[in-house]
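Here's the structure, in structure tokens; my notes come after.
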Amino acid sequence: LGPSGWSLSPFPVTRSGTPRAVSVGSSWPAKMAAPAVKAARGWLGLVLSVRSVVLRLPGLTQVRWSRYGPEYKDPQIDKEYYRKPSAELTEEENYERELRKTQLIKAAPATRTSSVFEDPVISKFTNMMMKGGNKVLARSLMTQTLEAVKRKQFEKYHAASAEEQATIERNPYTIFHQALKNCEPVIGLVPILRGGHFYQVPVPLGDRRRRFLAMKWMITECREKKHRRTLMPEKLSHELLEAFHSQGPVIKRKHEMHKMAEANRALAHYRWW
Amino acid sequence: MAALCVFCGTAVSYRLFLGSRVSLARGQGLWKAAAAELQTGTGSQILRLRHTTVVTTKKNVAALRRETYTVDFIKKQIEEFNIGKRHLANMMGEDPETFTQEDIDRAIAYLFPSGLFEKRARPVMKHPEQIFPKQRAIQWGEDGRPFHFLFYTGKPSYYSLMHEAYGKILDVEKHQNQLRARNLFSEKTKTKDLIGSRWLIKEELEEILVEKLSDQDYVQFIRLLERLLTLQCGAGEEEFVQRFRRSVTIQSKKQLIEPLQYDEQGMAFSTSEGKRKSAKAEAVVYAQGSGRIKVNGTDYLLYFPVTQDREQLMFPFHFLDRLGKHDVTCTVSGGGRAAQAGAIRLAVAKALCSFVTEEEVEWMRQAGLLTADPRVRERKKPGQEGARRKFTWKKR
């Protein structure tokens, strides 16, 4: 019952809003509720939103709930969004703005600010590196990694000739983004039960899953395959630079995943979505 | 055990749940069926609130039918309510003509103070329309023939409403076709204010029609109304559609803006409080300054060694482009490091509302700076290791 968000606990759920409808792809209550929940929105502004029908099964309580009710929307933190004068906006944006005035908004999380230095990819990577809730350590490791990348690139830059200097990228953020993009697999394998056996079926991956896999592989690789005495920033900066040049163990793992998907392509018809 | 039924004169009024729910809901049924009726005692001016209780005897199958309130009964209740309202106004020394429902509520709370936690169990005096559930009158005559032509659909009011709406759509289309035939049709799109209102929700529609609807019925009905709106309809159709829209509050109006205060030197400042988890903060933001922030007497650089917390303190200022323009002195207690930072951020944002235009206040609200974060630590449950973590599963 794990992925469906339901549990057998009889413990009463005391909160201020209604349980959030579970939105896992394979769970059947959500599949039934999802088409009903989708808001059909024409630009004229007619929003048809139907209350999601969440089944109440006896003996099961919903455990994926939030302290915010379902009517709370996510905050829009980008400063430039608000500074745009209303003359420049399209009809849709105007309507969107007017609509937001009537909506309840959640509080901004502690990790987000309107700062220009904030990067959502870096924040996500830092959270994935974090162990036991030690955000301070994870963030310091991240900054040390970026510093190490920058230092290495500057050393290379100063040692290189004039033509090569033009090709060397020194911005650690672009290196980080490009490295992770190079590590993203295009196609993945999913175990599908058929006739009592689990077959590894090749399946196209969504954006989020790809980004997650790239980051996960990078972190696992750096944790496991390093010497006891090397520190994480050093190893991670090394791996990032290698991935930036499409070399290294993480890229190799991505290629292996692609090869396995290619090998199993006969099973592709097992996929029904 | 049979509960007592306290009523005299007319038929017992109770509301029972059908079928198997009776035994389970009996405890609740007692209170849900507590129809607060006002009845003037014979000859006396004193008002008595009555709780009618449920009669549940297992053998009385006939009593399980839903009791219908006759029209005369409801009328009598309304008359008694109005008379009682006037008596109450006299008792409170107010004018009976201008005695509103809020006055009634206040008077009842004064005369019958109740310490019960459940608000719905407290004494209440409301118009009988709000107390007795709306019921449909008998829908067939003496010969057994139903009055409504759609009775056999099972949902006559709903289908007649759909019929009406569709009829209006056809009329509008016919009218537009006629105009087009005469080349008088003009494609003007008038933008209606659809943002300040929302469609009725399914429960509200059920209440109006006094019928149970399914989700698909409700969706179909709303689709019809939206289709009617996309065509240019006249005033009659607009009125018809507006019956099914309710207004929605503009959230920014609810934000309380602290008034500015002035200290001895004449400098303007604003005070505000903020909370996050168990941390409470109070911030005083001065109008002129150079961006110094003092937390519990120490500089914020020393109090918050972690960058993330300092970024949170800077967030409201950076959002409003007022980074070096204000001085802040704040006190904070409770919570942990990040909770205290969040509490101060909320306090500072609220205090900055006094220095800033209403539009910017709305921007801050939409950026999530003015909402108190309701997330708190989830409690540990019995039989589990933590809030979510279960004990290690052992096969034997």
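Bear in mind these aren't lab numbers, they're just calculated from the coordinates by the rules spelled out. Everything numeric in this text was worked out from a predicted model, so none of it was measured. We place every Cβ from the backbone using ideal geometry, glycine too, and count neighbours over all the protein chains shown.
Here are some notes:
- Under a model in which nothing but the beta-carbon of Lys, Arg (+1) and Asp, Glu (-1) is charged, the stretch B:149-259 shows a dipole of about 400 debye around its Cα centre.
- Sorting A:Met257, B:Met91 from the fewest to the most surrounding beta carbons within 10 angstrom yields B:Met91, A:Met257.
- Electrostatic dipole magnitude of the stretch A:68-118 [Cβ: Lys, Arg +1; Asp, Glu -1; Cα centre; debye, to 20]: 300
- Positive-end extreme of charge dipole, the stretch A:120-270 - chosen from A:Ala243, A:Met257, A:Phe154 (charges on Cβ): A:Met257
- Dipole size of the stretch A:120-270 about its Cα centre, with +1 on Lys/Arg Cβ and -1 on Asp/Glu Cβ: approximately 640 debye, rounded to the nearest 20.
- Computed over the stretch B:72-166, relative contact order equals 18 percent, with contacts defined as Cα pairs under 8 Å that lie 6+ residues apart.
- Cα gyration tensor shape for the stretch A:120-270, rounded if a/c is under 1.5, else prolate or oblate: prolate
- Footprinting exposure proxy ranking of B:Val295, B:Val348, A:Val203, fewest other C-beta atoms within 10 angstrom first, gives A:Val203, B:Val295, B:Val348.
- With the convex hull of the Cα atoms taken as the outline of the stretch A:68-118, the averaged projected area works out to 4.4 nm².
- Normalising the average separation of contacting C-alpha pairs (under 8 angstrom, six or more residues apart) by the number of residues puts the relative contact order of the stretch A:68-118 at 61 percent.
- Measuring between their Cα centroids, the stretch B:197-241 and the stretch A:103-153 lie 48 Å from each other.
- The GluC sites (Glu not before Pro) of the stretch B:137-239 that DSSP puts in a loop, and whose beta carbon has at most 11 other beta carbons within 10 Å, are B:Glu142, B:Glu187.
- In the stretch B:282-339, the inverse of the mean reciprocal separation of distinct Cα atoms equals 11.7 Å; this is its Kirkwood hydrodynamic radius.
- Share of alpha-carbon pairs per 5 Å distance bin for the stretch A:196-265, given as whole %: 3, 15, 21, 22, 17, 11, 7, 4, 1, 0
- Placing unit charges on the Cβ atoms of the charged side chains and taking the dipole of the stretch B:150-264 about its Cα centre, the candidate lying farthest along the positive direction among B:Ile208, B:Gln178, B:Ser247 is B:Gln178.
- Shape of the stretch B:226-319, Cα gyration tensor, a/c cut at 1.5: prolate
- Shown here for the stretch B:353-396: GluC sites (Glu not before Pro) in loop regions (DSSP other than H, G, I, E, B) with at most 14 other Cβ atoms within 10 Å, namely B:Glu378, B:Glu385.
- Compactness relative to 2.2 N^0.38 Å, alpha carbon Rg of the stretch B:300-374: 1.06
- Length-normalised contact order of the stretch A:120-270 in % [C-alpha pairs under 8 Å, at least 6 apart]: 28
- Placing unit charges on the Cβ atoms of the charged side chains and taking the dipole of the stretch B:96-222 about its Cα centre, the candidate lying farthest along the positive direction among B:Phe151, B:Pro96, B:Ala121 is B:Phe151.
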